Structure formats: C-alpha cells, structure tokens
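The structure appears right after this line, and notes come after that.
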Amino acid sequence: MDFTLSEEQRALQDTVRVFARRELEADAIRRAHSEEYPREVAKKMAGAGLLGITIPEADGGQGGTLMDAVLAIEQVALVCPRSADLVQEGNFGAIRVLARFATHDQKKRFLAPLLSGDEIIAVAMTEPDAGSATTDLVTTATADGAGFRVSGTKVFPNPHADQYLVYVRYGPGVNGIGSVMIRRGAPGFAIGKNSKFMSGAHWAPLYFDNVYVPPEDVLLGQGGFKKQIAGFNAERIGNAARSLAFGRYCYNAARDYALTRKQFGRPLCEFHGLQWKFADMKIKLDAAQLLLYRAAANADRGFPAADETTIAKLMCNQVGFDVANEALQVMGGLGYTQDTLVEYCVRRTRGWMIAGGSIEMMKNRLAEIIFERRFSQRPPRAKVMGDG
Ligand SMILES: Cc1cc2nc3c(=O)[nH]c(=O)nc-3n(C[C@H](O)[C@H](O)[C@H](O)COP(=O)(O)OP(=O)(O)OC[C@H]3O[C@@H](n4cnc5c(N)ncnc54)[C@H](O)[C@@H]3O)c2cc1C
C-alpha cells in the first residue's frame with residue numbers, strides 16, 4: 001500500500017495549480033456571486049485539457065484516470081471554488097454517460113461541444129413526485145414512428161444548459177426507464193421561471209409537452225437505467241471530491257486568518273479553543289481524503305467498489321460542510337460576509353448533502369452492503385382479500 005502520489009500525479013497538480021492561479025484566482029469572488037454561468041471558464045478549462053480527463057482520447061477526451069480528475073477538481077477548487085463545478089461537470093455525470101453509451105453520431109453532436117467548452121449539459125431526472133425515489137419518475141416517452149413523444153415535468157436542473165439528458169419512462173417498472181437527449185428550444189419544451197437554491201445557483205422546472213425525440217437522439221432505451229446504475233459508483237467520486245475540496249478551501253482561509261488576526265493582543269491561533277477546532281478539522285479532512293483516494297484509486301483499478309464510493313461520498317459531503325461551517329466560525333464576522341468565499345462554500349457544501357443521492361440514501365445503500373440484502377423502502381404490499 002502506497003499513500004503517496006506518483007510523480008505524474010504531482011506534476012498534474014502543479015500544472016493545474018499554476019493554471020488556476022493564473023486564469024481563475026483574480027475573479028474568484030465575483031464569479032461565485034455572479035448569476036451568470038461562467039461559460040468563459042469552460043473554454044479556458046477545455047484549452048487546459050481539464051474537460052474529459054477520464055474520457056478516452058478516441059472520443060475527444062484526455063484518456064486519464066478518475067484520480068487525475070479528482071486531483072484537478074481539488075486544485076481548481078482551492079483557488080476558485082465556483083470553477084471547480086466546471087471540472088466536475090466536465091468529467092463526471094452526464095458527460096461520462098454520453099462517453100459510455102452514446103453512438104458515434106451522438107458523441108459528435110452532444111459530447112464534442114461539451115468537451116470543447118462550447119455547450120453545457122444538465123441532467124433532468126428529479127420530478128415533483130420522484131426525488132429520492134428516482135424510479136417513480138413518470139415523464140413518459142411514447143413511441144411515435146421510429147421516434148418518441150416525451151411529456152412530463154422535471155425539477156431542479158440548471159436552466160442555462162444547451163442540452164438536457166432527460167430520464168424518461170418507456171414502460172412500467174425500473175426496466176421501463178431510459179434516457180433521451182433534448183436540446184433547449186425543441187418544440188414543446190419550455191423552461192419555467194427561475195428559482196434560486198440556497199447556494200445562489202438557479203434552477204427551473206422543465207416542461208415537456210409532447211416533445212418529439214427522433215430515434216437518433218435516444219440515448220438509452222428500455223432497460224437503460226439498470227445498465228447505467230453500475231456507473232453511478234464512479235460518479236459519486238466527483239461529487240465527493242468537490243465537497244471535500246470546498247471544505248479544504250475554507251480550512252486554508254481560516255488557517256491564514258488565525259495566523260494573522262489578533263485579539264486580546266495575540267493571534268487567534270494561540271487560543272486553545274481555536275487550536276482544537278483546527279485539530280478536529282484536519283483530522284476530518286485527512287480521513288475523508290483517504291477514503292476518497294481509496295475509492296478513486298480502486299475504481300481506476302477496475303474494482304466495482306460500491307461500498308468505497310458510497311462511504312467516500314457520505315464522508316466527503318459531511319466533512320466538506322462541517323469544516324466549511326467551522327472555518328466560518330473561526331473567521332467571526334468576516335467569515336459571515338461575502339468578502340470571502342467561506343460563507344459561499346458553506347452554502348454550496350450544504351446542497352451536496354442532498355443532491356446526487358442524499359446522506360440518508362447513501363446510508364440506506366451502505367446498510368444493504370453491510371447486511372448483503374436489499375431493504376425495500378416501500379410500504380409492505382397490502383394483503384389481498386382472502387389471503388388468510
Ligand atoms: C444543489 C442541488 C442540485 C440539484 N441538481 C439537480 C439536477 O441537476 N438534476 C436533477 O434532476 N435533480 C437535481 N437535484 C435534485 C436532487 O437530486 C433531489 O433533491 C434529491 O434526489 C432528493 O430528492 P427530493 O428533494 O425530492 O427529496 P425527498 O426525496 O423528498 O427527500 C426528503 C428527505 O427525506 C429523506 N429520505 C427520502 N427517502 C428516504 C428513505 N428511504 N430513507 C431515509 N431518508 C429518506 C431524504 O434524504 C431527504 O432528507 C438537485 C438538488 C440539489 C439540492
């Protein structure tokens with residue numbers, strides 16, 4: 001067992017750090033509070049080879065590892081937390097689903113503009129009555145000639161995307177779920193009024209009213225969702241990396257502050273009550289980081305480690321928020337202002353305890369792994385009359 005990064009991995013960290021400081025640092029606070037999606041950053045990321053790190057070169061990616069993508073997210077987040085979103089979205093989630101399941105033609109039309117930083121994608125999965133119970137989704141795809149007609153409502157996605165990966169129901173049960181690609185502006189597709197998350201990011205309901213999806217825009221047909229579930233383990237690593245990196249950003253800011261801010265004639269770092277906060281923060285960050293790296297390194301070796309990725313996501317989501325919150329406390333009134341990015345990171349990390357599989361759903365999953373059996377979350381079926 002080796003706990004050190006390889007020479008190549010350290011070189012990657014250095015390169016990304018230099019890029020982030022040169023290109024992203026100056027505008028980090030403005031970017032975090034802007035309501036605009038930072039499209040200009042996507043172009044810079046593409047130029048620096050930070051989009052599609054894990055995607056094969058044949059598909060326009062960098063042919064790197066999950067661990068490389070994790071290291072890139074960390075280095076960008078430590079300089080400009082908002083920009084880390086683009087590294088995450090450019091390497092995990094929808095983009096990897098496309099790389100894995102899209103046809104050659106779909107890769108050209110949907111994946112290529114994402115990798116070049118020209119377009120943004122969002123996932124439309126959650127519905128008003130299907131949140132944690134994802135498989136309750138009722139957005140339907142009804143056959144119409146060779147294509148499909150999609151009708152339904154989605155909630156919470158980014159309303160500024162150019163293309164949407166929409167989860168749909170072709171038929172009953174989990175096997176009936178798959179996904180299609182729908183572009184902004186498609187006839188019958190309307191984006192509702194913008195709302196704001198606590199993070200400041202926008203979301204809006206998406207309305208699909210008999211939207212025609214040609215056969216060449218079907219990503220996953222019947223049974224597709226089940227096929228895709230295997231990939232969810234790797235996707236959790238990206239979410240975990242960003243949560244934890246935001247926590248570390250705040251820890252660094254609070255540490256610098258504790259070394260320079262004086263009260264009662266001495267720097268904050270000399271107060272015992274704050275020293276223990278730092279000791280606890282460091283222990284939590286290091287523990288979560290080891291779990292994250294274990295999950296990423298083993299996933300790169302090809303082990304389907306559901307327990308490791310579930311634990312890593314759970315721990316990084318919790319620690320990212322806890323440390324950001326504690327760092328804010330250390331920074332007193334300043335930490336609570338928008339003059340630093342600590343309060344921003346508190347708001348952002350809070351959301352990831354809900355998104356992408358909530359803390360509670362991760363614990364449910366872990367319980368199933370521990371006991372090696374499935375625990376249905378659904379109410380027991382009512383007994384049929386005459387069952388005795
Ligand atoms: C920041 C953010 C970004 C998001 N982005 C997107 C996006 O891009 N696309 C998209 O489709 N969706 C997105 N979502 C939606 C997200 O996937 C859902 O919020 C999430 O799946 C939870 O669903 P819900 O909000 O309906 O909560 P519910 O499922 O109603 O859950 C409410 C609470 O009950 C708990 N709970 C539910 N079931 C159980 C159970 N069986 N055992 C224990 N506890 C349970 C949950 O953990 C939660 O605490 C986003 C959400 C957030 C916060």
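General remarks:
- Residue identified as of a type outside the set (Ser, Thr, Tyr), more than 8 Å from the ligand (Cβ to nearest atom) and over 29 Å from residue 36 (Cα atoms) among 147, 152: 147
- Checked across the stretch 222-229, the condition of being modelled with pLDDT of 95 or more and aromatic (Phe, Trp, Tyr) holds for no residue.
- Test: residue 275 is assigned to a loop (DSSP other than H, G, I, E, B) and not small (Gly, Ala, Ser): no
- For residue 181: the one exception among (1) out of contact with any helix residue (DSSP H, G or I) (no Cβ under 8 Å at 6 or more places or on another chain); (2) in contact (Cβ under 8 Å) with a residue 40 or more places away in the chain: (1)
- Set 312, 287, 297: member being assigned to a helix (DSSP H, G or I) and closer than 26 Å to residue 32 by Cβ: 312
- Enumeration of residues in the stretch 35-72 that are among the hydrophobic types (A, V, I, L, M, F, W, C) and under 13 Å from residue 24 (Cα atoms): 41, 42, 45, 48
- Among the residues making up the stretch 188-236, those that are buried (at least 18 other Cβ atoms within 10 Å of the Cβ), of a type in the set (D, E, K, R) and within 16 Å of the ligand (Cβ to nearest atom) are 235, 236.
- Residue 307 vs. criteria surrounded by fewer than 18 Cβ atoms within 10 Å (Cβ to Cβ) and under 17 Å from residue 359 (Cα atoms): yes
- For the stretch 66-82, the criterion of being touching a strand residue (DSSP E or B) at 6+ places or on another chain (Cβ under 7 Å), at pLDDT 95 or above and more than 15 Å from the ligand (Cβ to nearest atom) is satisfied by no residue at all.
- Checked against (1) at pLDDT 95 or above; (2) more than 26 Å from residue 69 (Cβ to Cβ), residue 252 meets all criteria but (2).
- One residue from 322, 339 being crowded, with 16+ Cβ neighbours inside 10 Å and either of a type outside the set (Gly, Ala, Ser) or free of Cβ contacts under 8 Å to residues at least 60 places away in the same chain (or both): 322
- Complete set of residues in the stretch 114-141 that are over 17 Å from residue 190 (Cα atoms), surrounded by 16 or more Cβ atoms within 10 Å (Cβ to Cβ) and more than 16 Å from the ligand (Cβ to nearest atom): 115, 117
- If you go through the stretch 40-63 and keep only what is among the small types (Gly, Ala, Ser) and either more than 19 Å from the chain's Cα centre (by Cα) or farther than 17 Å from residue 231 by Cα (or both), you end up with 42, 46, 47, 48, 49, 58, 60, 61, 63.
The values are calculated or read from the model by the stated rules, or taken from the named source; none is laboratory data. Please read all numbers here as calculations on a predicted model, not as lab measurements. In this analysis, Cβ positions are derived from the backbone assuming ideal geometry, glycine residues included, and neighbour counts consider all displayed protein chains.
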